[in-house]
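The values are calculated or read from the model by the stated rules, or taken from the named source; none is laboratory data. Note that the coordinates shown come from a computational prediction; the quantities given were computed from them, not determined experimentally. Note that each Cβ is placed from the backbone with ideal geometry, even for glycine, and that neighbours are counted across all protein chains shown. Calculation scope for accessible area: heavy atoms of the full protein, side chains included, ligands and nucleic acids excluded. Shrake-Rupley method; radii C 1.70, N 1.55, O 1.52, S 1.80 Å.
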Amino acid sequence: MTEGAGLRAGDLPDELTAAEAGMWQAFRNGSVYDLRDGDTAVDDPHGGHPWGRERSVRARIVAWLLLDGPPALQGRVASLKLTGVQISDVLDLAGGTVVPYVELKGCRFEKEVLLPEARFTTVRLVDCSVPRLEAARVHTEGDLHLPRCRFHNGVRLTDAHIGTDLMLNQAVVYRDRRGRSITGDGMFVGQDLQAEMLESHGELSLRGATVGVSLSLRGSNLNNPYTRLALNAPQLTVNRTLYMTPAAVGAPWLTSGTTPARGTLVQRFECRGGIRLDDGRFGDAVDFERARFTFDDDQELSLLRVQTPELRFLGERPERGKVVLSGARVVNLVDRADSWPRPGNLHMGGFGYENLVPQGAFPLTRRLEWVAAATAEYSPEPYERLATVLRDSGEDEDAREVLLAKQRRRRETLPLAAKLWGYAQDWTVAYGYRPGRAALWMAVLWAATSIAFSHASHPPVADGGHPPWNAALFALDLLLPVIDLGQVGVWQLRGGWQWLAAVVILLGWILATTVAAGATRLLRRS
């Protein structure tokens, strides 16, 4: 038998205090029950000013109203709307089904709120002081709003199901005994998860969570000096965009989904502690515009195997720690030269991107430094990926420069003999990536050998029937492979001139092959 059994529709339970009786009547009327004093300092739910019995209701009576309350007055809808009220004892609605609309503003809870496996339509706690919110597997058909609330021992939303929006804007959440501020592992949010200007002290855990539209952490401050991670969200799925960007101070609601206008006072997203987004799936973008990361040496921004159409890496360069992009797949990489970490702190083996969209000056020399910073030990894949992207965008000359840089980087890993040969190839023909240089060498070699062979003894192979001696044509016939100018087989060379001819033939093959390879690349590009 429930507590309300035996009460007639208009009766008030005898045990109610004056404050509780007023709340009971306001519930039936669907009106706001406001117990504020009028003094801002006194009414602050997060302040130290005590609230007396006249502003206090028992959690048991609140639960009675929500789970088995009296019917609404005629023409009204029963709802619990409290402002400036203190709820004593533990509010326990675990496993219950709450039909009335719930909205508490500026209220103070003396003890924790227990909502595991409870079912609601919509719940709004605004600017409330809550020791702890325990809401694993809670289910709401509509919104769960917790803006400007302060949670002193964490929030647990493991496997929660939020039908529309979850709002944590300007909330302040301190860690629980496990070191976590908000635990939302496996949580499902039907539309937006807004946590703009959130202040998190501890680990924010969203492992395996799903957000139907966008996840906004604009202007938030994630701070976890206790363990390695400030945001732990592997296998996070966001159907639209993850925002770690600025929010307008004083009006975050106006900037949700947009970039604050120029001249607006903004608060950046800041994170003190590692971020783990491994294996995440993002439908539109991951946006780090103007984000500030403060890592220790063993902490990192980990984007292992992340998949997203666009990565906007536009934050401040982290002075310590690492950025890991290994195995990630993006279509558009939007970045700035001064956003990437220093050499040795960037890892992007297997990082795939299709288009580069630099913001500001990002010359090829800086882009090559970016690749080198990500490869403490030589790896061809980052160079080949960059060359492919540049070639696909029509920058064939830059692509050749990247491949040349790859050969130069590879040369440093070779033994001494191969390294010397590599220097010779670089100096003479730039590993074949500058065919014009090879053509120039051919011209120089032709001129030099023409002069040399003009002094050579050149008896004919057979008497009569031979053309006149022409040292320039003879040298050119030696230099050009395949093509026969009718000179080499007619004249005889002896001694050192034979060795010179052999060297000219060998160099001609090398240089002609280099020129042909370069021409082939140009024709293929055309």
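Considering only residues in the stretch 49-64 that are small (Gly, Ala, Ser) and touching a strand residue (DSSP E or B) at 6+ places or on another chain (Cβ under 8 Å), the one that is surrounded by the fewest Cβ atoms within 10 Å (Cβ to Cβ) turns out to be Ser56. Taken over the stretch 130-160, the residue count meeting the criterion of being farther than 17 Å from Val102 by Cβ, open to solvent by 10 Å² or more (accessible area, probe 1.4 Å) and not charged (D, E, K, R) is 4.
In the stretch 91-106, is there at least one residue being open to solvent by 20 Å² or more (accessible area, probe 1.4 Å), in contact with a Lys or Arg (Cβ under 6 Å, 6 or more places away or on another chain) and in a loop (DSSP other than H, G, I, E, B)? The answer is no, given that none of the residues of the stretch 91-106 is open to solvent by 20 Å² or more (accessible area, probe 1.4 Å), in contact with a Lys or Arg (Cβ under 6 Å, 6 or more places away or on another chain) and in a loop (DSSP other than H, G, I, E, B). Within the span defined as the stretch 73-84, every residue fails to be free of Cβ contacts under 8 Å to residues at least 40 places away in the same chain, under 45 Å from the mean Cα position of the chain (by Cα) and closer than 21 Å to Arg132 by Cα.
When residues of the stretch 429-454 are filtered for being open to solvent by less than 40 Å² (accessible area, probe 1.4 Å), of a type outside the set (A, V, I, L, M) and at pLDDT 70 or above, how many remain? Here the count works out to 4.
Contact map, the stretch 407-419: residues that are touching a residue at least 24 places away in the same chain (Cβ under 8 Å) and more than 17 Å from Ala430 (Cα to Cα) paired with residues that are surrounded by 12 or more Cβ atoms within 10 Å (Cβ to Cβ) and among the hydroxyl-bearing types (Ser, Thr, Tyr), Cβ distance under 7 Å, separation 6+ or inter-chain. Pairs shown: Thr413/Tyr378. Criterion applied to Arg207, Arg218, Arg178 was being of a type in the set (D, E, K, R), closer than 24 Å to Arg272 by Cβ, without any contact (Cβ under 8 Å) to a residue 60 or more places away in the chain and open to solvent by less than 10 Å² (accessible area, probe 1.4 Å), and the one residue passing it is Arg218. Specify which of the listed residues (Leu67, Leu73) is surrounded by fewer than 20 Cβ atoms within 10 Å (Cβ to Cβ) and part of a helix (DSSP H, G or I). Answer to the selection: Leu67. Flag: Ala372 matches the condition of being aliphatic (A, V, I, L, M) and touching a residue at least 24 places away in the same chain (Cβ under 8 Å). I'd like the full set of residues that are within 14 Å of Ala171 (Cβ to Cβ) and either hydroxyl-bearing (Ser, Thr, Tyr) or open to solvent by 20 Å² or more (accessible area, probe 1.4 Å) (or both), limited to the stretch 107-125. Once the filter is applied, which keeps residues that are within 14 Å of Ala171 (Cβ to Cβ) and either hydroxyl-bearing (Ser, Thr, Tyr) or open to solvent by 20 Å² or more (accessible area, probe 1.4 Å) (or both), the stretch 107-125 yields only Arg124.
Picking from residues in the stretch 31-63 that are farther than 27 Å from Val98 by Cα and charged (D, E, K, R), the one that is farthest from the chain's Cα centre (by Cα) is Asp37.
When Asn169 is tested against (1) surrounded by fewer than 20 Cβ atoms within 10 Å (Cβ to Cβ); (2) in a loop (DSSP other than H, G, I, E, B), exactly one condition is not met: (1). For the stretch 367-378, the count of residues that are among the aliphatic types (A, V, I, L, M), in contact with a Phe, Trp or Tyr (Cβ under 6 Å, 6 or more places away or on another chain) and under 16 Å from Arg317 (Cβ atoms) is zero. Restricting the stretch 299-317 to residues that are part of a strand (DSSP E or B) and either aromatic (Phe, Trp, Tyr) or open to solvent by 30 Å² or more (accessible area, probe 1.4 Å) (or both), which is nearest to Arg366 (Cα to Cα)? That would be Phe313. Could you list, in sequence order, all residues of the stretch 260-298 that are among the polar types (S, T, N, Q) and outside any loop (DSSP other than H, G, I, E, B)? Answer for the stretch 260-298, where residues must be among the polar types (S, T, N, Q) and outside any loop (DSSP other than H, G, I, E, B): Gln267, Thr294. Only helices (runs of 4 or more DSSP H) whose full extent lies in the stretch 318-428 are considered here, and the ones with at least 1 residues that are touching a strand residue (DSSP E or B) at 6+ places or on another chain (Cβ under 7 Å) and crowded, with 17+ Cβ neighbours inside 10 Å are 364-373, 380-392.
Evaluated against (1) under 27 Å from Ala439 (Cα atoms); (2) surrounded by 15 or more Cβ atoms within 10 Å (Cβ to Cβ); (3) at pLDDT below 70, His458 falls short on exactly one condition, (1).
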